[in-house]
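Structure first, then comments.
The values are calculated or read from the model by the stated rules, or taken from the named source; none is laboratory data. Computed from a predicted structure; not experimentally measured. FYI the Cβ positions are ideal-geometry reconstructions off the backbone, even for glycines, and counts take in every protein chain you see.
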Amino acid sequence: MTASGPPRLAGEQPTASWVEIPPGCDFPLANLPYGVFSAGSSDRPSQPRVGVAIGEYVLDIAALAAAGVHVPYANDFAQPTLNQFMARGRPAWTSVRERLTELLGDASYRDAVSPYLVPLRDVVLQLPFDVGDYVDFYSSAHHAENLGRIFRPGTEALTPNWRHLPIGYHGRAGTVVVSGTPIVRPCGQRRPAGADRPAFGPSSRLDIEAEVGFVVGVPSKLGEAVQTSGFTEHVFGAVLVNDWSARDIQAWESVPLGPFLGKSFATSVSPWVVTLDALDMARVPPPVQDPPILPYLRQDPPWGLDLTLKVEWNGSVVSRPPFAAMYWTPAQQLAHLTVNGASLRTGDLYASGTVSGATRDQRGSLIELSWNGAEPVLLENGSERTFLEDGDTVTIRATAPGPAGTTIGFGAVTGTILPARCAVAAGQID
């Protein structure tokens, strides 16, 4: 570890860390994302607790505080989830971030802090928060238009309500899993091409959706809507999301009510929660919204984000979706999901919906990349894919601009497909 950075004035926050940060690392001092980790041997792991990522390490905040180094709300970081800390609200979030920036940026703290930096290679990362409710939106105009052209050729690509409200659905919080969790191919009803009745069996059109999720810290009261201006007071931070989708099951069940079993089998999230403060330099104006939106969805200032996602399919980069192109912003999504009086809970997760751009190499789902199977995707090993096969691995990453020309990252969300476990012996498959 090496010290770096010029001398600072009293009260000035450091911009560089004394912890060695490798070039291109997702976790410079400007980031400091929160996660939950276990250390120790595989047969005797430590109790999960909260840490922050810095370079190639995770800072064990609770152990540091127990050693006598002051960190506000230190007991929150001895917990197995972030929920207790997230519920405290923005003043607490800000004070802890400032203190951690000081400890990891001022070389005078190096001797006191170094013993509590645990190499990331030696930890197991857990689901960072207990998920309350899970909502998924449909907020990319490019994605929605692509699906409209695939399924409703010759008609208007967007439904009449799409540019008036952020469309979404309630998902299954209990199947939100942390990155690295294997994904078992789902089984269900799907109607084979040309058939007049459904069959039961494993999905043959298993897909991904590259998304960004937002994690609620401060709850709201039942019956009270949250305005767009309340976004930064309620939302703690962001994660990467892969909303795995069984397109054949989804197509059969989605008339008239929408996604159900085609989505609820698994949703993967990245293990690090990047705070809104860390994303401050990534804020950009969103696309112009036309026709004019209703007053409750108006926002000042807007919360567009300049994030670049990267989708890797068996190691091949197949897409780089731009989040800045999303039509509906996370602040508008939060306002819409509460406008009817629905309350927020600490740990609620809501996702952006598939992030897609204007060109083929910016599409955030396989149904778009392969145009519903008509245009196979060529991978670097020479194989071709339309939808996911057993053994395939998908990894989604994202970066954002940080201060002074730096870049911050989200880590990764990854999953590998395992074979289906349909009950053949029970006679459930035709």
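In the set 30, 63, which member is under 15 Å from residue 275 (Cβ atoms), touching a strand residue (DSSP E or B) at 6+ places or on another chain (Cβ under 9 Å) and touching a residue at least 24 places away in the same chain (Cβ under 8 Å)?
Being under 15 Å from residue 275 (Cβ atoms), touching a strand residue (DSSP E or B) at 6+ places or on another chain (Cβ under 9 Å) and touching a residue at least 24 places away in the same chain (Cβ under 8 Å) holds for just one of 30, 63, which is 30.
In the range 258-281, which residues are in contact with a strand residue (DSSP E or B) (Cβ under 9 Å, 6 or more places away or on another chain), surrounded by fewer than 20 Cβ atoms within 10 Å (Cβ to Cβ) and charged (D, E, K, R)?
Residue satisfying the conditions is 277 alone.
Please indicate, with yes or no, whether at least one residue in the range 243-250 is surrounded by fewer than 22 Cβ atoms within 10 Å (Cβ to Cβ), in contact with a Pro (Cβ under 9 Å, 6 or more places away or on another chain) and of a type outside the set (Ser, Thr, Tyr).
Within the range 243-250, one or more residues are surrounded by fewer than 22 Cβ atoms within 10 Å (Cβ to Cβ), in contact with a Pro (Cβ under 9 Å, 6 or more places away or on another chain) and of a type outside the set (Ser, Thr, Tyr).
Could you tell me which of the residues 395, 399, 416, 386 is surrounded by fewer than 18 Cβ atoms within 10 Å (Cβ to Cβ) and more than 25 Å from residue 86 (Cβ to Cβ)?
On inspection, the qualifying residue turns out to be 416.
Which of the numbered conditions does residue 255 fail, given that it passes all the others? Conditions: (1) crowded, with 19+ Cβ neighbours inside 10 Å; (2) hydrophobic (A, V, I, L, M, F, W, C); (3) out of contact with any Ser or Thr (no Cβ under 7 Å at 6 or more places or on another chain); (4) over 23 Å from residue 404 (Cβ atoms).
(1)
Pick from 349, 344, 334: which is in contact with a strand residue (DSSP E or B) (Cβ under 9 Å, 6 or more places away or on another chain) and under 25 Å from residue 182 (Cα atoms)?
Answer to the selection: 349.
For a quick check of your reading: which strands (runs of 3 or more DSSP E) sit entirely within the range 266-380 and have at least 2 residues that are out of contact with any helix residue (DSSP H, G or I) (no Cβ under 8 Å at 6 or more places or on another chain)?
Hits in the range 266-380: 267-269, 308-313, 316-319.
In the range 81-123, how many are β-branched (Val, Ile, Thr), more than 16 Å from residue 275 (Cβ to Cβ) and assigned to a helix (DSSP H, G or I)?
Qualifying residue count, the range 81-123: 1.
If I ask for residues that are crowded, with 16+ Cβ neighbours inside 10 Å and more than 23 Å from the chain's Cα centre (by Cα), which ones from the range 319-344 would you list?
Once the filter is applied, which keeps residues that are crowded, with 16+ Cβ neighbours inside 10 Å and more than 23 Å from the chain's Cα centre (by Cα), the range 319-344 yields nothing.
Which numbered condition trips up residue 159, out of (1) under 22 Å from residue 303 (Cβ atoms); (2) in a loop (DSSP other than H, G, I, E, B)?
(1)
How many of the residues in the range 190-248 are farther than 30 Å from residue 422 by Cβ and part of a strand (DSSP E or B)?
9
Given the criteria small (Gly, Ala, Ser), at pLDDT 95 or above and not assigned by TED's automatic domain parsing to the domain that holds residue 84, does residue 195 qualify?
No.
Let's see how each residue does on (1) under 25 Å from residue 90 (Cβ atoms); (2) touching a residue at least 60 places away in the same chain (Cβ under 8 Å); (3) surrounded by 18 or more Cβ atoms within 10 Å (Cβ to Cβ):
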position: 284; (1), (2), (3): yes, no, no
position: 287; (1), (2), (3): no, yes, no
position: 292; (1), (2), (3): no, no, no
position: 303; (1), (2), (3): yes, yes, yes
position: 307; (1), (2), (3): yes, yes, yes
position: 313; (1), (2), (3): no, yes, yes
position: 317; (1), (2), (3): no, no, no
